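> Supplied in structure tokens, the structure appears directly below.
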Amino acid sequence: LAERGYLAVLGSRDPDKGKRAARELGLDSVVPRQLDVSDDDSVRAAARWVEGSLGRADVLVNNAAILYDTENRAVDVSLDVVRQGLETNLFGAWRMAQALLPLLQQSPHPRIVNVSSGGGSLASMRGGTPAYSVSKASLNALTRLLAGELRGRVLVNSVCPGWVATDMGGPGGRPVADGAAGVVWAATLPDDGPTGGFFRDRREVAW
């Protein structure tokens, strides 16, 4: 997004890691800011900073996610683990959307992109990773609700980046740039583009 002319605010729980990531990108238009989407005060502070420094938000990318819990099963997983996953993967995105919506509505072309996963597709669920899968399915539901309520004002979509070689995805996944491409596509859709959809590589994914 920064390469396309956006000023990209890079949120990170650890401010030092955020600063390091911004330096590695080597782009003046990437600004690191401390942000913990599971913390109400942190989200409110981030929104105040955006309002005071930038005046509006054009795109919100909800990319924070935790707990790809391959070791768990729904039949006996601790519900505390599930709550932990929901707090970041669902409620974190929900907090961000609510906090930034007034600023998004100041934009001529506002977009919300919820970075989801095929693990949240009801059509393909067969068991396993319960905290992650339920949280991502719930994130998809939030996408549908926001898209319906904001129709005609904000485009809201879920995007699955695929299995990507990140800290969570581990080695062997697709390059980060390939996973990010679909997110950038959804963030830069034309005004007559889709809303309330679930996509991977610009193609619809079954809910």
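The values are calculated or read from the model by the stated rules, or taken from the named source; none is laboratory data. Everything numeric here is computed off the predicted structure, so don't read it as measured data. Here the Cβ is made from the backbone with ideal geometry for all residues, glycine too, and neighbour counts use every protein chain on show. Just the protein is used for accessible areas: all its heavy atoms, side chains included, with ligands, DNA and RNA removed. Shrake-Rupley method; radii C 1.70, N 1.55, O 1.52, S 1.80 Å.
> Provide Rg over Rh for the chain; use the alpha carbon set for both Rg and the Kirkwood Rh (inverse mean inverse pair distance).
Rounded to two decimals, Rg/Rh equals 0.94.
> Here is a further query. Between Arg83 and Val176, what is 0.36 nm times their sequence separation minus the Cα-Cα distance? Round to one decimal in nm.
Roughly 30.7 nm would be gained on extension.
> How would you classify region 55-155 from its alpha-carbon gyration tensor, with a ≥ b ≥ c the square roots of the eigenvalues: rounded for a/c under 1.5, else prolate if a/b is greater than b/c, otherwise oblate?
Here region 55-155 falls in the prolate category.
> Would you mind checking the tilt of helix 91-104 against the longest principal axis of the Cα atoms of the chain, expressed as 0 to 90 degrees and rounded to 10?
Once rounded, one gets 20 degrees.
> Right, next: Can you tell me the relative contact order of the chain? Whole percent, Cα pairs under 8 Å, sequence separation 6 or more.
Rounded, it is 18 percent for the chain.
> Which value, in Å², gives the accessible area per residue of region 28-135 when a 1.4 Å probe is used on the protein heavy atoms?
With the other protein chains kept in place, region 28-135 gives 51 Å² per residue.
> Using θ = phi - 60° and the Karplus curve 6.51 cos²θ - 1.76 cosθ + 1.60, what whole-Hz ³J(HN,Hα) does each residue of region 43-54 get, with Gly and Pro shown as x?
5, 4, 5, 5, 5, 4, 5, 4, 4, x, 9, 10
> Can you give the calculated 222 nm mean residue ellipticity of the chain, where each DSSP H run of n ≥ 4 adds -39,500 (n - 2.57) and the sum is split over every residue, rounded to the nearest 500 deg cm²/dmol?
Rounded to the nearest 500, it is -12500 deg cm²/dmol.
> How would you rank 120-131, 84-95, highest first, on the average number of other Cβ atoms within 10 Å across their residues?
84-95, 120-131
> OK, next. Of the listed peptides 1-7, 57-63, 193-199, what is their order by residue-averaged count of other C-beta atoms within 10 Å, with the highest listed first?
Highest to lowest by the protection proxy: 57-63, 193-199, 1-7.
> Sticking with this structure for a sec: Report in % the part of the accessible area of the chain that belongs to carbon and sulfur, leaving out ligands and nucleic acids; probe 1.4 Å.
Carbon and sulfur atoms account for 50 percent of the accessible area of the chain.
> So, one more: Starting from the alpha-carbon convex hull of region 119-207, give the projected area averaged over all orientations, in nm².
Hull-based average projected area comes out at 6.1 nm².
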